[in-house]
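Trainee: One structure follows; several queries about it will come next.
The values are calculated or read from the model by the stated rules, or taken from the named source; none is laboratory data. Note that the structure is predicted; figures quoted are calculated from it, not measured. Cβ coordinates were reconstructed from backbone atoms using ideal geometry, including for glycine residues, and neighbour counts include every protein chain displayed. For the accessible areas, the whole protein counts, side chains as well, though only heavy atoms, and no ligand, DNA or RNA atoms are used. Shrake-Rupley method; radii C 1.70, N 1.55, O 1.52, S 1.80 Å.
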Amino acid sequence: MKTPMLWAGLLLWSLPCIAQQNTAKPTLTYMKEIKPLLKERCVVCHNRDSVKNLALSGGLALDSFVALKTGLPNKPPLFVPGKSGSSELIRRLEVSSPALLMPKGGPALSKQQIALVKKWIDSGANPGDTSKEGDATAILIEPFPINSGLNDLLLSTRIVPLPEMRDKQTPQNATLQYALKVAPLPLLTSIVFSPDGKWLAVGTYRSVTIWDTHTGQPQTPITLLNSVQSLAFRPDGQVLAIGGGAAGVSGEVRLYDLVAKRLLPITFKGHTDILYCVAWNREGKLLATASHDKTARVWDATSGKELQALKEHSDAVTRVCFSPDSKSVYTASLDRNARRFGVQDGKVVRTFSGHAEAIYALALSPDGKRLVSSGIEPRLRWWNPEDGNTTNYSDGSSGQVNEIVFSADGKRLASVDASGRLRLWDAGGGGQQRVLEGANDWLYTVAISPDGKWVAGAGSEGVLYLWQTDSGALRLQCASWYPTAKGFDWVAITPEGYLDGSPNWLAKTRFRLQNRDLAPSLQVALRSALKASETILKALQGAPIEPYKLMPVPAPKAPLPKPKP
Amino acid sequence: MCYKPLLLLSSLFASLLIGSIAQAEKPAKAPASIPVKSLPKPTPVSFQRDVIPILTRFGCNQGSCHGSQYGKGGFKISLAGFDPELDYDHIVRQLRGRRISTTDPEKSLFLTKPAMQVPHGGGLRLNPKSASYRLLVRWIQEGTPAPLPNEAFVTKLETTPPERILYKNDPPQALRVMATYSDGTTRDVTSLARMNTLNDGVASCTPEGIVTPINRGQTAIMVRFGGQAAIATVMVPFARLTKAQLASPFPQNPVDLWVTRKQRQLGLLASQKCDDTTFLRRTSFDIIGTMPKPEEIQAFLVDRSPNKREKWIDGLLSRPEYADYWTLKWGDLLRSNRNTLGVKGMWSFTNWIRAQLQANSPVDQFVHELILAQGSTFTNGPSNFYRVANNPQDLAETTSQVFLGVRLQCARCHNHPFEKWSQKDYYQFAAYFARIGLKGSNEFGIFGGEQVVRVNNYGEVHHPKNGKRMYPTALGAQLASLPDDKLPNPDAEGDRRQKLADWLVNKNNRLFARNIANRYWGYLLGIGIANPIDDMRTTNPPTNPQLLDHLADVLIKNSFDLKALVRTICNSDTYQRSSAATLENRLDTRFFTNYQPKRLAAEVLLDSIDYACGTQEKFPSLPQGTRAIQLPDSLVGSEFLDTFGRPARLIACECERTAEPNISQTLRMMNGELVNRKVGQWDGRISKMVQAKKSDDAILIEIYLTALGRYPTTKERSVVQGVLAFSKDHKLVFEDVLITLINSKEFLFNH
């Protein structure tokens, strides 16, 4: 069984160090021979984080020499130095009863491995140098996944096909599509605009891409060790907080300095499962995090010190945000409750109960006077944050609501849901203003630009969609991949059909009509005609763009097959 | 995907073969290169066809794990994968893709958990080296393709061998499971099907389908895959019969023939036939719920005709008590009771049932009339069927359980875990009852409580998951593959129940005939061919399918005449076996080698005590002389009857009437007020005989004949005579004898 992933998770995102070469020693020691063995087969369940989970660990930890020596309270020790025959550790590795045999449910240790443990005990159970135990583990940085490119990523345009491109099955309203063999793309979990509106940060598995909203081009992504789930710009726009982790293993926050373009050496340790949300307070001094480990925490952002651990929720915490005065944090959880905690004392000030299903989305208006929540029940619920009463409902979403955000002026609300639609709501009366379509699968995340003119949504397709708020028009569809030695791949496409991107991906784009690629000669011609970075700029300035009109191209070598009458 | 590697291999071999032929033709050159061209591309991994079977096979979606109502550890999927769309969302979409990483498949929590690379409460479920693990990896690599709406589904499962005799120390038998899909393809699913033995005392079965005999008996291996279930029968013979025993001719009577065939497969030999007095008591209780009279016993014993047993059975079938006794049985089944129907409704229902049995209406007509009933519940008895259960779901469950022996209840909320019935089957069946309405009537005054059952021109049943309108469909019927909007209007010919009633009692609907036959066999023999007798699912197989089919044929050939069915069963040697087990068949309880004694039903027991004591229990608001088996429902107060398991008629399950012993029963029989009062009652049997100065011997004989249906043995006589010789009050002695007999097992049981 593989373990690097667990250890990579436990020491998530810390710098790698190179394991020292073993030099042969005459005696067996815990550190050299036994610890790696236990780590490989036992520590997955028997570790200090899971000792309280009796079903998993039986209360026993085996991840340090002290723990191994201590064994279980009120029970005989696990091993008696010099006497492997009377050691419980050996008995449980060899016993025939499947209920007692360890590792539980897994194949038993090999005879050689058991012999090694016996030999170690019989030779006096030498611990070796345990002084550095706990932080001496090397972590393995896994290479970035290479683009599998098994499936087509499809992006629609409004380009009307020429009559000769059609066949009998082609519907009247069919338009051309772009196809790129780059899918499956990793899903996009978080998007956020910088406070000045210049940057749009997009989080995904192991990376954050920052798009320049002025040029429509991405910067080389920030790469990380594990999944990214939530992004938040510090209110001064200098630092980006990146929350995430490894599911089932750990959760952490990293801070990225946008000026120095590097990750800051501050760690926030404590969460034992992935983070779903990270939030700054207005002054940019405090960070709040929400995790699958059922806790929310408040941190000092400069030192990484944990100030509060809020453990009242009985299921994963999905969202967290600060009140404008930084005195409270609001949390939402799968346990169907939202809560308000005091930052100073960590006590529950208010519980917002009424949802019959898990809450996935929560937003507080900029003035701190209205709280909105939603989730598996698609209706938005408005609360008075002071007394905890429900003040209003907004109906209209179809499918689980995954995220809600207020616009900076507090007048508008945007939500995204499992139907792949982005909805705009009037934050005053709660009425639905507009439904923005274009995405084809679940949307997880939504962001409104600080000036309120743009709204972005992204989700499980791995595509970032950018709409103009007032007109509701889709203006841009963007996708990108991890950086490799050769560079970094991306593409941005306007619905009118114009595109820009990395040379590698531009060369991969194909034009399709109804599951059918156009003729190869046409592909080249169209590609060069439609590559237009200035048109992307125009789109980002909100200027109108005419859809590209196909001209009948005289094809010199391969004439198009004439459609049969 | 067992066939894929096979396919790959075979094409490899094919290319090798071509390669070698080509080589032979060419002048020898070394090394030969073998071009392998156009290997078939692996078929894309399908969520329904490949992924869900793995989740089911490794127990991920079982009821005790993530398939439970609230899931486990925050991860919930549907029980046995009955809802692929929901499962897909929970695995792939929910929690921002927490469980899947398409770009780094093996880092997906969906794999690291069951492979125990991170802590997993369920332990190691999936070995990273296994084919199933690799297939899941490939599914994620391919971008986790979603469930397809038109994916082929499993229509049939077959086990090889379907039936196997294994002696106790025989080597294990491997099972193979083939699935047939709706597109006509077949696939070996042995590695994916879930296999369990139904009785691990008889044979064990590993998850891989290796069956090992354990101990004597018969069991079925339940095989489940893709929403279908099948069984393989495993017999572990009780003994090896000698050649002579095997060579003895089979009986002529088809009932006995099938029973004997099964017994010989299992190395069993039947007991002798029972003696005449046992026969009389057994048949009288089973057919009319009444003790034979002393004079009838005497006459039967002196009768020398060879067909006297046949004649006796015919006699019983024409007795008026037949209707009383079977009204009680059917009243239980149809749940006639005043709490739900009102007193008037209850009487009207019970009287209608009695009339049907009195006239011996064929059971198909009886059920047909019941299903199509409408009108006043007070004046039209059968319409009360629609008041006992009064919504489409309850009606579907009652109808299927009572008349078909199909317990549909599970499928109300999820696909049946041990059966082929899906939620869709359930609601399509319920749709037959969508338009039945109850309307209050003032015919009997404002508080009269009369209800009128009528067929509305509105009302539909919808699928609870997708909200689709359900088309009324018979259980197990394959709808023509018409799109929903092209189906004919179910109400075009009026009452949609007409189609249901016609299908239900149709001769081709084996479910109906088999269910009635199994119930009656169970009533008469004490244990069903399929047991429990009202749970006729594939995975609760009959111990003797041919016997059950024969009995169903008997019922159909005799135009659903219930008396003919009773006659057939009671005239068989199997029914008339002695309850005394032989050394060889003493371990058998399921294969009818000896008669399994059954405790008298509460009502029959009370009547028998009354008969033995020569008394008559008076029931509130019923005329003097009403017997317990004539009671219209269970709400006629009687602590005695309730103690002995009289059912409250609240659920449509045979299990509601119980013969379970309890301490209160024993105390009531030994010291109870009722028994004590009756035994010594001033106008009781003993008082009258003593007053009439009958001889001690005559009194004793009458006590034995009325209580146990037989003469006292010489030993019993001499014991009683011994006591009488030392006693001044003979009446007291006879009372003691009677109370002793009443407390004997011989009295309490029909043996």
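Trainee: Considering only residues of the range A:474-514 that are charged (D, E, K, R) and more than 14 Å from chain B (Cβ to nearest Cβ), which is most open to solvent (accessible area, probe 1.4 Å)? Can you show your working first?
Mentor: If we filter the range A:474-514 for residues that are charged (D, E, K, R), which is where we start, we get A:475, A:486, A:489, A:496, A:500, A:508, A:510, A:512.
Of the ones still in play, those that are also more than 14 Å from chain B (Cβ to nearest Cβ) are A:475, A:486, A:496, A:500, A:508, A:510, A:512.
Details: A:R475: 16, A:K486: 200, A:E496: 7, A:D500: 9, A:K508: 75, A:R510: 50, A:R512: 27 Å².
Looking at the filtered set, the residue picked out is A:K486.
Trainee: Still on this structure, I have one more. Could you please let me know if B:S441 is in contact with an Asp or Glu (Cβ under 8 Å, 6 or more places away or on another chain), in contact (Cβ under 8 Å) with a residue 60 or more places away in the chain and more than 18 Å from B:A229 (Cβ to Cβ)?
Mentor: Spelling it out, B:S441 is indeed in contact with an Asp or Glu (Cβ under 8 Å, 6 or more places away or on another chain), in contact (Cβ under 8 Å) with a residue 60 or more places away in the chain and more than 18 Å from B:A229 (Cβ to Cβ).
Trainee: Can you pull out every residue in the range A:447-473 that is modelled with pLDDT under 95 and aliphatic (A, V, I, L, M)?
Mentor: The one that is modelled with pLDDT under 95 and aliphatic (A, V, I, L, M): A:A473.
Trainee: Residue check, B:P254 against (1) open to solvent by 50 Å² or more (accessible area, probe 1.4 Å); (2) without any contact (Cβ under 8 Å) to a residue 40 or more places away in the chain, all met but one. Which one?
Mentor: B:P254 satisfies every listed condition except (2).
Trainee: Could you list, in sequence order, the residues of the range B:124-143 that are within 14 Å of chain A (Cβ to nearest Cβ) and in contact with a helix residue (DSSP H, G or I) (Cβ under 9 Å, 6 or more places away or on another chain)?
Mentor: Residues of the range B:124-143 within 14 Å of chain A (Cβ to nearest Cβ): B:124-130, B:133, B:137-143.
Listed by number, the residues that qualify are B:L126, B:N127, B:P128, B:Y133, B:V137, B:R138, B:W139, B:I140, B:Q141.
Trainee: OK, next. Among the numbered criteria (1) open to solvent by 60 Å² or more (accessible area, probe 1.4 Å); (2) of a type in the set (S, T, Y); (3) within 19 Å of B:T233 (Cβ to Cβ), which one does B:T186 miss?
Mentor: Unmet for B:T186, out of (1) open to solvent by 60 Å² or more (accessible area, probe 1.4 Å); (2) of a type in the set (S, T, Y); (3) within 19 Å of B:T233 (Cβ to Cβ): (3).
Here's the yes/no breakdown for (1) at pLDDT below 90; (2) within 14 Å of chain A (Cβ to nearest Cβ); (3) open to solvent by 10 Å² or more (accessible area, probe 1.4 Å); (4) within 18 Å of B:L126 (Cβ to Cβ):
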{"site": "B:Q48", "(1), (2), (3), (4)": "no, no, yes, no"}
{"site": "B:G59", "(1), (2), (3), (4)": "yes, yes, no, yes"}
{"site": "B:Y70", "(1), (2), (3), (4)": "yes, yes, yes, no"}
{"site": "B:K76", "(1), (2), (3), (4)": "no, yes, yes, no"}
{"site": "B:D89", "(1), (2), (3), (4)": "no, yes, yes, no"}
{"site": "B:Q94", "(1), (2), (3), (4)": "no, yes, yes, no"}
{"site": "B:P114", "(1), (2), (3), (4)": "no, yes, yes, yes"}
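Trainee: OK, next. Of all the residues that make up the range A:73-121, how many are buried (at least 18 other Cβ atoms within 10 Å of the Cβ), away from chain B (no Cβ under 14 Å) and not hydroxyl-bearing (S, T, Y)?
Mentor: So the answer is 9.
Trainee: Still on this model: Restricted to the range B:100-111, and to residues that are open to solvent by less than 20 Å² (accessible area, probe 1.4 Å) and at the interface with chain A (Cβ under 7 Å from one of its Cβ atoms), which residue is nearest to A:G420 (Cα to Cα)?
Mentor: Looking at residues that are open to solvent by less than 20 Å² (accessible area, probe 1.4 Å) and at the interface with chain A (Cβ under 7 Å from one of its Cβ atoms), I get B:S101.
Trainee: Across the range B:273-303, which residue is nearest to B:D324 (Cα to Cα) among those that are among the charged types (D, E, K, R) and in a helix (DSSP H, G or I)? Before the answer, list the steps.
Mentor: Quick first cut of the range B:273-303, residues among the charged types (D, E, K, R) only: B:273, B:275-276, B:281-282, B:286, B:293, B:295-296, B:303.
Checking which are in a helix (DSSP H, G or I) leaves us with B:276, B:281-282, B:286, B:295-296.
On the way: B:D276: 25, B:R281: 17, B:R282: 17, B:D286: 12, B:E295: 22, B:E296: 20 Å.
For the range B:273-303, the residue satisfying everything is B:D286.
Trainee: Pairs under 9 Å by beta carbon, first residue without any contact (Cβ under 8 Å) to a residue 24 or more places away in the chain and under 14 Å from B:P53 (Cα atoms) in the range B:112-134, partner aliphatic (A, V, I, L, M) and outside any loop (DSSP other than H, G, I, E, B), six or more apart or different chains?
Mentor: B:Y133/B:I54; B:Y133/B:L111
Trainee: Hey, could you check the range B:696-717 for residues that are in contact with a helix residue (DSSP H, G or I) (Cβ under 6 Å, 6 or more places away or on another chain) and over 30 Å from B:P661 (Cβ atoms) and say which is most open to solvent (accessible area, probe 1.4 Å)?
Mentor: Residue satisfying both the conditions and the ranking: B:D696.
Trainee: Looking only at the range B:144-163, which residues are within 12 Å of another protein chain (Cβ to nearest Cβ) and surrounded by fewer than 22 Cβ atoms within 10 Å (Cβ to Cβ)?
Mentor: B:P145, B:A146
Trainee: Looking at B:F110, B:F153 in this structure, which one is farther than 29 Å from A:L56 by Cα and not β-branched (V, I, T)?
Mentor: Going through B:F110, B:F153 in turn, the sole match is B:F153.
Trainee: Which members of the range B:718-736 meet the condition of being open to solvent by 70 Å² or more (accessible area, probe 1.4 Å) and under 46 Å from the mean Cα position of the chain (by Cα)?
Mentor: Residue satisfying the conditions is B:D736 alone.
Trainee: Moving on to the next point. Need the failing condition index for A:F193 against (1) within 29 Å of B:A146 (Cβ to Cβ); (2) buried (at least 21 other Cβ atoms within 10 Å of the Cβ), just the number.
Mentor: Looking at each condition in turn, A:F193 falls short on (1).
Trainee: Still on this structure, please answer the following. Do the conditions hold for A:L334, that is, is it under 23 Å from A:A247 (Cα atoms) and of a type outside the set (S, T, N, Q)?
Mentor: yes
Trainee: For the range A:250-264, indicate whether the set of residues that are away from chain B (no Cβ under 14 Å), basic (K, R) and part of a loop (DSSP other than H, G, I, E, B) is non-empty.
Mentor: Yes, there is a match, as at least one residue in the range A:250-264 is away from chain B (no Cβ under 14 Å), basic (K, R) and part of a loop (DSSP other than H, G, I, E, B).
Trainee: I've got another one for you. Given the criterion touching a residue at least 24 places away in the same chain (Cβ under 8 Å) and under 40 Å from the mean Cα position of the chain (by Cα), identify the matching residue among B:T740, B:T658, B:T643, B:T666.
Mentor: Testing whether each residue is touching a residue at least 24 places away in the same chain (Cβ under 8 Å) and under 40 Å from the mean Cα position of the chain (by Cα) leaves just B:T643.
Trainee: For the range B:143-156, state whether one or more residues are in a strand (DSSP E or B) and either among the aromatic types (F, W, Y) or more than 30 Å from B:R93 (Cα to Cα) (or both).
Mentor: yes
Trainee: Now, a different point. Might you let me know whether the range A:456-466 holds any residue that is more than 22 Å from A:V228 (Cβ to Cβ) and either outside any loop (DSSP other than H, G, I, E, B) or of a type outside the set (S, T, N, Q) (or both)?
Mentor: No, the conditions are met nowhere in the range A:456-466.
Trainee: I need a count of the residues in the range A:274-283 that are away from every other protein chain (no Cβ under 14 Å) and either open to solvent by 10 Å² or more (accessible area, probe 1.4 Å) or under 27 Å from B:Q94 (Cβ atoms) (or both).
Mentor: Initial filter on the range A:274-283 (away from every other protein chain (no Cβ under 14 Å)): A:279-283.
If we keep only those that are either open to solvent by 10 Å² or more (accessible area, probe 1.4 Å) or under 27 Å from B:Q94 (Cβ atoms) (or both) as well, we get A:279-280, A:282-283.
Of the residues in that region, 4 qualify.
Trainee: Shifting gears a bit: Considering only the range A:153-163, I want to know if a residue exists there that is in a strand (DSSP E or B), farther than 30 Å from A:D451 by Cα, within 14 Å of another protein chain (Cβ to nearest Cβ) and among the aliphatic types (A, V, I, L, M). Before the answer, list the steps.
Mentor: We begin by selecting, within the range A:153-163, every residue in a strand (DSSP E or B); these are A:153-156.
Still in the running and farther than 30 Å from A:D451 by Cα: A:153-154.
Going one step further and asking which of them are within 14 Å of another protein chain (Cβ to nearest Cβ), we end up with A:153-154.
Those left that are additionally among the aliphatic types (A, V, I, L, M): A:153-154.
Checked the range A:153-163: at least one residue is in a strand (DSSP E or B), farther than 30 Å from A:D451 by Cα, within 14 Å of another protein chain (Cβ to nearest Cβ) and among the aliphatic types (A, V, I, L, M).
Trainee: Taking into account only those residues within the range A:207-259 that are more than 30 Å from A:N47 (Cα to Cα) and among the charged types (D, E, K, R), which is surrounded by the fewest Cβ atoms within 10 Å (Cβ to Cβ)?
Mentor: Start the filter on the range A:207-259 by keeping residues that are more than 30 Å from A:N47 (Cα to Cα), which leaves A:208-222, A:231-240, A:256-259.
Those still in the list that are among the charged types (D, E, K, R) too: A:212, A:234, A:236, A:257.
Numbers: A:D212: 13, A:R234: 21, A:D236: 11, A:D257: 13.
Ranking the qualifying residues of the range A:207-259, first place goes to A:D236.
Trainee: In the set B:F403, B:F385, B:F378, B:F366, which member is of a type in the set (A, V, I, L, M, F, W, C), over 29 Å from B:N508 (Cα atoms) and either touching a helix residue (DSSP H, G or I) at 6+ places or on another chain (Cβ under 7 Å) or buried (at least 22 other Cβ atoms within 10 Å of the Cβ) (or both)?
Mentor: B:F378 is the lone residue from the list that is of a type in the set (A, V, I, L, M, F, W, C), over 29 Å from B:N508 (Cα atoms) and either touching a helix residue (DSSP H, G or I) at 6+ places or on another chain (Cβ under 7 Å) or buried (at least 22 other Cβ atoms within 10 Å of the Cβ) (or both).
Trainee: Any idea which of (1) closer than 21 Å to B:I742 by Cα; (2) surrounded by fewer than 22 Cβ atoms within 10 Å (Cβ to Cβ); (3) of a type outside the set (S, T, N, Q) is the one B:D286 doesn't satisfy?
Mentor: So B:D286 meets the others, but not (2).
Trainee: Something else now. Right, A:M5: outside any loop (DSSP other than H, G, I, E, B) and either more than 11 Å from chain B (Cβ to nearest Cβ) or at pLDDT 70 or above (or both) or not?
Mentor: no
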